[in-house]
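The values are calculated or read from the model by the stated rules, or taken from the named source; none is laboratory data. Because the structure is predicted, anything quoted here is derived from the model rather than measured. Cβ atoms come from the backbone with ideal geometry, glycine included; neighbour counts cover every protein chain shown. Side chains included, ligands, DNA and RNA excluded: accessible areas come from the protein's heavy atoms. Shrake-Rupley method; radii C 1.70, N 1.55, O 1.52, S 1.80 Å.
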Amino acid sequence: MESASPFAPGPPRQRPAMVPNPTGIVRSMAPSPAPPPFGSAHPGSSHPVATTFASRSPPPGAIPQGPIAGNGPPVSGGFAAPRTVPPPWAQLAPPLAASSSIRLPTPSAAAIQDSGPQSFPGSPPSGASVAALPTPFVGPPTSQPFGRPPTSQSPFSGPPGSQLHFAGAQYSQRPMAGSTNSQLPLAGPPTSQSPFLGPPTSQPPFTGPPSSQPPRPNTPQPPFAGLPTSQQFGGPSTQTLTGPLISQVVGPPTSQPYAGRSSSPSHMTTPSSQPFSKPPTVGTSFGSPVWPSQPGQMVPSLPGNVQAPPRMFGMPPGMPGQPIPPVPPAMGHSALAGPQVSAQSKIDPNQIPRPVPSSSITIFETRQGNQANVPPSATSIFVVKDNGNCSPRLMRCTLNQIPCTGDLLSTSSMPFALMVQPLALPHPSEDPIQVVDFGESGPVRCSRCKSYINAFMRFIDHGRTFVCNLCGFTNETPHDYYCNLGPDGRRRDADERPELCKGTVEFVATREYMVRDPMPAVFFFLIDVSLNAIQTGATAAACSAISQSLADLPDGPRTMVGIATFDCSIHFYNLRRASQQPLMLIVPDIHDVYTPLHTDVVVPLAECRQSVEQLLESIPSLFENNKVSDSAFGAAIKAGFLALKPTGGKLLVFQSVLPSVGIGSLSSREAEGRTNVSAGDKEAHKLLQPADKTLKTMAIEFAEYQVCVDIFITAQTFVDIASISVVPGTTGGQVYYYYPFSALSDPGKLYNDLRWNLSRPQGFEAVMRVRCSQGLQVQEYAGSFCKRIPTDIDLPAIDCEKTIMVTFKHDDKFQDNSECAFQCALLYTTVYGERRIRVINLSLPCTNMLTNLFRTADLDTQFACILKQAASGVPVNSLSQVREQITNLCINILHAYRKFCATVSSSGQLILPEALKLLPLYTLALVKSIGLRNDGRFDDRSYWASHVMSLSISLAVPLVYPRMISIHDLTAKENDGSLSSSNIPLSSEHINDDGIYLLENGEDCLIYVGNMVNPETLQKLFGVTSVDGLPTQLVLQQFDNDLSEKLSDVMNEIRQQRCSYLRLRLCKKGDPSGVHFMSYMVEDKAPGGLSYVEFLVHVHRQIQTKMA
C-alpha cells in the first residue's frame, strides 16, 4: 500500500518521532475467509494485534483508580496495572433542586467587594513554615470500583417522589417536579389548549408497549438488577400544562440505576489496552487513599462506597439513550401561559424552570438499531457502551440531528459545533479504549481524504473495496486486511476488530508519523524570587510544592528536570555536580537572553533528585534578603524555552508581580482601565487585549519547538493577565490564579494544582484534526493551541481536561435520513515516548424538520459553546455588547421555536422547547458572571476568559450557575447516595439568617454564615460560639462530631467531582465578603440586572415583538 501522510496534504512541518512500540506484536497478514478470534496467535491471522501498555505510577491518592488509557513500556513479569483515574464524574456539574417559592428580593446597593484571603482544608496552621508544609490534599482521590449503587441509595434515586417507573412505553399521569414542562400564567386566564393526548394523525398511531412487555399499571417496578439499556420509543415525552399542574407522559422508562458490570462476554477477546495507566496503591487495590495532612485539619477521606454525584437536569426524562424518531410539531415543549405579560407578579415561582437534581446512573448505548442515540446530559452520571459512536465525554455535538441545509440551521438560530475532549476521563465501569497495532503498514486510511478506518466505512464487492463514510470515495482493501463479508453485508471479523465496531480506537503510529527521536518527559520549573514573592511567601510555597511533587513525575531515565529563579536577572543551576551543592549560573542580560550549557541545567531526575530537593529547600533562605522588586518574566520564560528547545517539554512558571523589565515588560494598565470604565469609554475592552505582540510572537516559537507553558500567578496586585495568558493559551498550557495570595490559605491549593498538573493523563507534541462529511466544512477551532495551517492545530501538550471547540458551516445539502460523520484524529506522544493516534468517530442523522433539531438539542453543549463565544468576545467588544449578543441569541432561539415549532397560538404564552427550557436561566447567569460584570477587576475578567476557552462541557454550567447547599442541617438530611445533592436555587429568598451555606463553582468554595446561627452549630463546625469569633482567614478543621464529619465528606465529594482542590473562603452577613457571596445569587434582581422572573418576562416580550 502506498505510504500516506498522517493528515491531508499541506505544507510539511517538523513532527516529533518515536521508537516502534516495544510491546507491539506484528502478525503476518494473510487473507482468511473465517479468521480466528481477534488477537489470537493463530498462524496466518490477518488481524492487527491489540496490545496493552502501562505507565508510571503516581503516588497513592494522587488520582483515583479506574481504567483510562495508559501508556508505557511493559514491566517485568507482565504489564503494569492501569493508571488510577479521577472519578468519572470528576467534572460533573451538580444540579439544583426546584424551589417551592420565589419572592423577588430587594436588590442590594452595596458594591461587590473582595475580602481578604481565607483559608481552607489542607492549609498549614497559622505560623507554620510554608517551606516545611506537610502533604495536604493530593488531587482527585482514589475512587473505588463502581460495582453497584451504595446500599444507602434507593435503586431509582433522584428527587423523592418525582420519578415514575415504567414497565414499557405507556401513558401515565403524575405531578411534575419544579419546572418540568410547566405553563406559567403571566396574566389572565390560561388558554384553552387541551393536553396532548396522542400523536397527530400524520403519525402512525401509538400502539402501546412492545409485545414482549405487556402494559401494566402505573406502579413502581422492582429494582432493576442488571444492565438497563436504552429502549426505542415512538416519540418524546409531551407535557402541555394549562391551569392545574397535570402532565401527559408518552415515553420510555426512565433511566435505570446501574447495578453492576455486565456479565455478558466482552465484544473483544484481546486484552484491554489503556493509553494511560494506574499505579499500584497502598494497601488493597480499591482501598481508601492515604491523605497526608496536618494534625487537627479536615482531611479529604474516601467514603466506604463511591457515591454518585447528582445529575444536572437538561433533557426530558426519556431522552438519554433514546433513538431519534420523528416528532410531531406539538411535542416536546413547555408553555408558560397567559395572554399578556404585564403582571409578572402572577408568575408561579414553583413552575419556573430550574435544574432538578438526580443521582441515578444511566447506561448509555451510543447506537442502537443502527441509529444514533441522544446522549445523556453532560452533567449527569452515565456509563457508556461504545457501539460505534464515540463516548459523549470525548466528543459531542450541539445538535444531535444535523440540519440538511444551512438555511434550516440559520432558521433555528442555534449554534452548530463539536466539543472535543480527546483525553477525557472515562467512568471506571467503562471498557478501556482498545489499542491496535497494524505493524509497519500503519492504519488503513481513505486514499482521498486520509480519514482513518472506522465502523461506518462500508465494505462492498465481497470485501475487496470499501467506501469512505466521509468523502464517499471507493478504496481498494489492502491485501493483508481482506476478509469476506457475511450475509448482513458486514465483514465477518467486524466485531473482533475495535476499529470496525467501536467509536474510539487508538492506533500505534508508524515511522511515517515521526521526524525525530522520541521526546522525553522534560519539566523545567521557573520560580519568581523578587521582593514581593519572598515577602508574601509565594516563593517558599512554590519551592515546597515542587519538592513534594517530584514523586509524581514519570519514573525512568527519560524524565528530566531543570530549575531556574528570576527577579531582574535569571539564575540557572548546574545540577550535574554529583554530591556537591548546585552551582548558580547568573544571566544578567535580559534583552538578549542566552542559556548555559543545556546538558548542565536539564538533567535526568534519577541523577539529581537529591540535589534538586536540597536546592528547593535552600532557595527561600538564599533570597530572603532580596531587595529587587522588578521582574524579568519575559526574559525568564525565553531563557527557559532555550533550555528546553533541543527536546521540548513543559515550562512551569511561578509569577508574583507585573513583568517590569526586559523582554515583554509591561506597564500597569489597571488604573487607566478603571478611569476609562468610570468615564464610560467604549474602548475600555481593549485593555483586555494583550499590550503588544511580543509575548504572542514568543509563544508561537515555543509551540513550534513543542514547549508548553503553565503559569501559576501568586499575586496580590495587578499583573496584566490579558497579556501574560497569551503564552499558555498558545502553547496548550493553563493559567492558575491565586488572588490575593495568602501564605496561610493558598499553599495547599498551589501544591495540589501542581501535583494534578503533573500526574493527570496527558500527552505531548500533539497534532489534531477534525474531518467531517462532504456538505460541511470546519469553520473555526477555539481553545488553547497554536494554529499554523488551516486544517490542523498544534498542541505542545494536551491533557484530560482540555476541550477544543470546532464550529462548522454548510457548503452543500444533505439528503434527509442520511448520516453526517465527524472524525477527530489526535496524533500525540505519551509520557513514555510512545507515538499514538487516537481516532474518535461520531455519526449523526440528518433531518429537514426544525422540530427534530430542537427536540434533540444538547443544552449543556450549546451553553458551553455560547460561553466560549462570550469569552472570545470580551476582549473585542464592550461588555454591554457581549451581554446584548448573548441575550439576543437566547431570544432568537426561543423565537424560532415559538414561530415554527410550537402549536400553541396564544400570544400570552412563553413556549420553551423541552430540551432548552433552562437556556434562559443559564443565559441570565452568564450575563451576571464575573467575566461580564462591569464591577469586576481587569485581571479577574481576563483570567475568566482564559479559563473558559479550554473549559470542559461539564464545568461550563456550574461556573456561572454554581451549586449551593445548606450545611447547618447536614445531619438531618437523608443520605440518598450523595451528600451534596440537596441543592438550593440561587436566590436570597432561600438564605436564612440562622443558616450556614456552601457555594461552589468548580474553582472556589464559599461558606456563608448568617448572623443568627445557633452557637452550638458554630461550635461543632468552627470551634467558636459566635459569628464575631470566626477568624478572618479560616482554616477548616474536623472536629469529633457528626456535623463536622458530614462537612468533611461534602468537601471531599465535591473535590472528587471537580478534580480540583477548591479555594475556601468565609463570608459573613453584613461584611464585604457577604456582599461578594450574594453576587452569586443570579436569580435575584441586581443593580443593572434583572431577576429571573423579570428576565423571563423580558424574553417573552421580545418574542412577542418579533412575532408581531
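I'm trying to understand the selection: among the residues of region 615-625, which are crowded, with 18+ Cβ neighbours inside 10 Å and within 20 Å of residue 714 (Cα to Cα)?
Step one: filter region 615-625 for residues crowded, with 18+ Cβ neighbours inside 10 Å, giving 615-616, 619-620, 623.
Passing the criteria: 616, 619, 620, 623.
So if I check each of 605, 597, which one is of a type in the set (A, V, I, L, M, F, W, C), more than 28 Å from residue 536 (Cβ to Cβ) and without any contact (Cβ under 8 Å) to a residue 12 or more places away in the chain? Walk me through it before giving the result.
Values: 605 fails: without any contact (Cβ under 8 Å) to a residue 12 or more places away in the chain.
Of 605, 597, the one residue that is of a type in the set (A, V, I, L, M, F, W, C), more than 28 Å from residue 536 (Cβ to Cβ) and without any contact (Cβ under 8 Å) to a residue 12 or more places away in the chain is 597.
In region 760-813, which residues are of a type in the set (Gly, Ala, Ser), under 27 Å from residue 696 (Cβ atoms) and over 15 Å from the mean Cα position of the chain (by Cα)? Break it down stepwise before answering.
So the first thing to find is which residues in region 760-813 are of a type in the set (Gly, Ala, Ser), and the list is 763, 766, 773, 775, 782-784, 797.
Pick out the ones that are also under 27 Å from residue 696 (Cβ atoms) and you get 763, 766, 782-784, 797.
Matches in region 760-813: 763, 766, 797.
Do you know which residues across region 500-522 are assigned to a strand (DSSP E or B), under 21 Å from residue 759 (Cβ atoms) and in contact with a Pro (Cβ under 9 Å, 6 or more places away or on another chain)?
First, the residues of region 500-522 that are assigned to a strand (DSSP E or B): 504-508, 518, 522.
Now narrow it down to the ones that are under 21 Å from residue 759 (Cβ atoms): 506, 518, 522.
Scanning region 500-522 gives 506, 518.
Please state which one of 1037, 1019, 1033, 1056 is in contact with a strand residue (DSSP E or B) (Cβ under 6 Å, 6 or more places away or on another chain) and more than 30 Å from residue 880 (Cα to Cα). Break it down stepwise before answering.
Working: 1019 fails: in contact with a strand residue (DSSP E or B) (Cβ under 6 Å, 6 or more places away or on another chain); 1033 fails: in contact with a strand residue (DSSP E or B) (Cβ under 6 Å, 6 or more places away or on another chain); 1056 fails: in contact with a strand residue (DSSP E or B) (Cβ under 6 Å, 6 or more places away or on another chain).
When all the criteria are applied, what remains is 1037.
Of everything in region 716-740, what is farther than 18 Å from residue 872 by Cα and surrounded by 24 or more Cβ atoms within 10 Å (Cβ to Cβ)? Give them in sequence order.
Restricting attention to region 716-740, the residues satisfying the condition of being farther than 18 Å from residue 872 by Cα are 716-719, 736-740.
Answer for region 716-740, where residues must be farther than 18 Å from residue 872 by Cα and surrounded by 24 or more Cβ atoms within 10 Å (Cβ to Cβ): just 719.
State which residue pairs qualify: first residue open to solvent by 10 Å² or more (accessible area, probe 1.4 Å) and inside region 819-843, second residue hydroxyl-bearing (Ser, Thr, Tyr) and assigned to a strand (DSSP E or B) in any location, beta carbons under 7 Å apart, and separation of 6 or more residues or different chains.
Hits for this filter: 819/843.
List pairs: first in region 405-416 and farther than 17 Å from residue 862 by Cα, second open to solvent by 30 Å² or more (accessible area, probe 1.4 Å) and part of a helix (DSSP H, G or I), Cβ under 7 Å, 6+ apart or cross-chain?
Close Cβ pairs (under 7 Å, with a partner that is open to solvent by 30 Å² or more (accessible area, probe 1.4 Å) and part of a helix (DSSP H, G or I)) do not exist here.
For region 540-559, how many residues are out of contact with any helix residue (DSSP H, G or I) (no Cβ under 6 Å at 6 or more places or on another chain) and of a type in the set (D, E, K, R)?
2
Sort out which residues of region 485-499 are in a loop (DSSP other than H, G, I, E, B), open to solvent by 50 Å² or more (accessible area, probe 1.4 Å) and under 29 Å from residue 422 (Cα atoms), and write them in order of number.
Step one: filter region 485-499 for residues in a loop (DSSP other than H, G, I, E, B), giving 486-490, 492-493, 497.
So of that shortlist, the ones also open to solvent by 50 Å² or more (accessible area, probe 1.4 Å) come out as 487-488, 490, 492.
Hit for region 485-499 is 490, nothing else.
If residue 610 satisfies every condition in (1) touching a residue at least 12 places away in the same chain (Cβ under 8 Å); (2) surrounded by fewer than 23 Cβ atoms within 10 Å (Cβ to Cβ); (3) polar (S, T, N, Q) but one, which is the exception?
All conditions pass for residue 610, except number (1).
Please determine whether any residue of region 1076-1085 is of a type in the set (A, V, I, L, M), in a helix (DSSP H, G or I) and either in contact with a helix residue (DSSP H, G or I) (Cβ under 8 Å, 6 or more places away or on another chain) or open to solvent by 10 Å² or more (accessible area, probe 1.4 Å) (or both).
The first filter runs over region 1076-1085 and keeps only residues of a type in the set (A, V, I, L, M), leaving 1078, 1081-1082.
Subset that is in a helix (DSSP H, G or I): 1078.
When the remaining residues are screened for being either in contact with a helix residue (DSSP H, G or I) (Cβ under 8 Å, 6 or more places away or on another chain) or open to solvent by 10 Å² or more (accessible area, probe 1.4 Å) (or both), the result is 1078.
Yes: region 1076-1085 contains one or more residues that are of a type in the set (A, V, I, L, M), in a helix (DSSP H, G or I) and either in contact with a helix residue (DSSP H, G or I) (Cβ under 8 Å, 6 or more places away or on another chain) or open to solvent by 10 Å² or more (accessible area, probe 1.4 Å) (or both).
Among the residues of region 813-870 satisfying the criterion of being assigned to a strand (DSSP E or B) and of a type in the set (Phe, Trp, Tyr), which is nearest to residue 960 (Cα to Cα)?
So in region 813-870, the residues assigned to a strand (DSSP E or B) come out as 819-829, 835-847, 857.
Remaining after also requiring of a type in the set (Phe, Trp, Tyr): 822, 828.
Values: 822: 30, 828: 33 Å.
Restricting to residues being assigned to a strand (DSSP E or B) and of a type in the set (Phe, Trp, Tyr), the top hit is 822.
It is to be established whether one or more residues within region 783-800 are in contact (Cβ under 8 Å) with a residue 60 or more places away in the chain, among the β-branched types (Val, Ile, Thr) and under 22 Å from residue 711 (Cβ atoms).
Checked against the condition, which is being in contact (Cβ under 8 Å) with a residue 60 or more places away in the chain, among the β-branched types (Val, Ile, Thr) and under 22 Å from residue 711 (Cβ atoms), region 783-800 yields at least one hit.
Restricting to region 642-676, give me the number of residues that are at pLDDT 95 or above and not in a loop (DSSP other than H, G, I, E, B).
Adding up the residues that qualify gives 10.
List the residue pairs whose Cβ atoms are under 9 Å apart, where the first residue sits in region 1021-1046 and is in contact (Cβ under 8 Å) with a residue 40 or more places away in the chain and among the acidic types (Asp, Glu), the second is open to solvent by less than 30 Å² (accessible area, probe 1.4 Å) and outside any loop (DSSP other than H, G, I, E, B), and the two are 6 or more positions apart or on different chains.
Final answer for the pair search is 1042/970.
Just need a number here: residues in region 460-473 that are among the aromatic types (Phe, Trp, Tyr) and open to solvent by 20 Å² or more (accessible area, probe 1.4 Å). Break it down into steps so the answer makes sense when it comes.
Kept after step one, since they are among the aromatic types (Phe, Trp, Tyr), are these residues of region 460-473: 466, 473.
Okay, now just the ones that are also open to solvent by 20 Å² or more (accessible area, probe 1.4 Å), so 473.
Of the residues in region 460-473, 1 are among the aromatic types (Phe, Trp, Tyr) and open to solvent by 20 Å² or more (accessible area, probe 1.4 Å).
Return the total of residues in region 1048-1075 being touching a helix residue (DSSP H, G or I) at 6+ places or on another chain (Cβ under 6 Å) and either open to solvent by less than 10 Å² (accessible area, probe 1.4 Å) or without any contact (Cβ under 8 Å) to a residue 12 or more places away in the chain (or both).
First, the residues of region 1048-1075 that are touching a helix residue (DSSP H, G or I) at 6+ places or on another chain (Cβ under 6 Å): 1061, 1063, 1067-1068.
Retained after the next criterion (residues that are either open to solvent by less than 10 Å² (accessible area, probe 1.4 Å) or without any contact (Cβ under 8 Å) to a residue 12 or more places away in the chain (or both)): 1061, 1067.
Of the residues in region 1048-1075, 2 are touching a helix residue (DSSP H, G or I) at 6+ places or on another chain (Cβ under 6 Å) and either open to solvent by less than 10 Å² (accessible area, probe 1.4 Å) or without any contact (Cβ under 8 Å) to a residue 12 or more places away in the chain (or both).
Can you confirm whether residue 465 is farther than 22 Å from residue 825 by Cβ and of a type in the set (S, T, N, Q)? Lay out the reasoning, then the answer.
Values: farther than 22 Å from residue 825 by Cβ: yes; of a type in the set (S, T, N, Q): yes.
So residue 465 passes the test.
Give me the residue from region 595-607 that is at pLDDT below 90 and assigned to a loop (DSSP other than H, G, I, E, B) and, out of that set, surrounded by the most Cβ atoms within 10 Å (Cβ to Cβ).
If we take residues in region 595-607 being at pLDDT below 90 and assigned to a loop (DSSP other than H, G, I, E, B), then 595 is surrounded by the most Cβ atoms within 10 Å (Cβ to Cβ).
Output the residues belonging to region 694-715 that are in contact with a strand residue (DSSP E or B) (Cβ under 7 Å, 6 or more places away or on another chain) and crowded, with 21+ Cβ neighbours inside 10 Å. Before you say what the answer is, go through the steps one by one.
Of all residues in region 694-715, those in contact with a strand residue (DSSP E or B) (Cβ under 7 Å, 6 or more places away or on another chain) come to 700, 702-703, 706-714.
Once the filter is applied, which keeps residues that are in contact with a strand residue (DSSP E or B) (Cβ under 7 Å, 6 or more places away or on another chain) and crowded, with 21+ Cβ neighbours inside 10 Å, region 694-715 yields 702, 703, 706, 707, 708, 709, 710, 711, 712, 713, 714.
Here are the criteria: (1) part of a loop (DSSP other than H, G, I, E, B); (2) open to solvent by 10 Å² or more (accessible area, probe 1.4 Å); (3) modelled with pLDDT of 70 or more. Tell me which single one residue 363 does not satisfy.
Every listed condition holds for residue 363 apart from (1).
Restricting to region 756-777, name every residue that is outside any strand (DSSP E or B) and either closer than 15 Å to residue 829 by Cα or open to solvent by less than 10 Å² (accessible area, probe 1.4 Å) (or both).
First, pick out the residues of region 756-777 that are outside any strand (DSSP E or B): 756-761, 773-775.
Once the filter is applied, which keeps residues that are outside any strand (DSSP E or B) and either closer than 15 Å to residue 829 by Cα or open to solvent by less than 10 Å² (accessible area, probe 1.4 Å) (or both), region 756-777 yields 757, 758, 759, 760, 761, 773, 775.
Sort out for me the strands (runs of 3 or more DSSP E) sitting completely within region 897-1013 that have 3 or more residues that are touching a residue at least 12 places away in the same chain (Cβ under 8 Å) and closer than 21 Å to residue 871 by Cβ.
Values: elements: 910-913, 963-966, 996-1000, 1004-1009.
Those strands (runs of 3 or more DSSP E) do not exist here; none qualify.
Read through the list (1) among the polar types (S, T, N, Q); (2) under 14 Å from residue 409 (Cβ atoms); (3) surrounded by fewer than 22 Cβ atoms within 10 Å (Cβ to Cβ), then give the number of the only condition that residue 856 fails.
Exception for residue 856: condition (3).
Looking at region 535-548, which of the residues that are part of a helix (DSSP H, G or I) and touching a strand residue (DSSP E or B) at 6+ places or on another chain (Cβ under 9 Å) is surrounded by the fewest Cβ atoms within 10 Å (Cβ to Cβ)? Outline the logic, then answer.
Looking only at region 535-548, we keep the residues that are part of a helix (DSSP H, G or I), and these are 535-536, 538-548.
Keeping just the survivors that are touching a strand residue (DSSP E or B) at 6+ places or on another chain (Cβ under 9 Å) gives 536, 538-539, 541-543, 545-546.
On the way: 536: 21, 538: 32, 539: 28, 541: 29, 542: 33, 543: 26, 545: 26, 546: 26.
The qualifying residue surrounded by the fewest Cβ atoms within 10 Å (Cβ to Cβ) is 536.
Yes or no: region 904-918 includes at least one residue that is open to solvent by 20 Å² or more (accessible area, probe 1.4 Å), within 15 Å of residue 1103 (Cβ to Cβ) and of a type outside the set (S, T, N, Q).
The initial filter retains those residues of region 904-918 that are open to solvent by 20 Å² or more (accessible area, probe 1.4 Å), namely 905-907.
Filter again for within 15 Å of residue 1103 (Cβ to Cβ), leaving 905-907.
Then drop every residue that is not of a type outside the set (S, T, N, Q), which leaves none.
No; the residues of region 904-918 include none that is open to solvent by 20 Å² or more (accessible area, probe 1.4 Å), within 15 Å of residue 1103 (Cβ to Cβ) and of a type outside the set (S, T, N, Q).
Within region 1023-1042, take every residue that is over 19 Å from residue 993 (Cα atoms) and outside any loop (DSSP other than H, G, I, E, B) and give me the one that is most open to solvent (accessible area, probe 1.4 Å).
Result: 1042.
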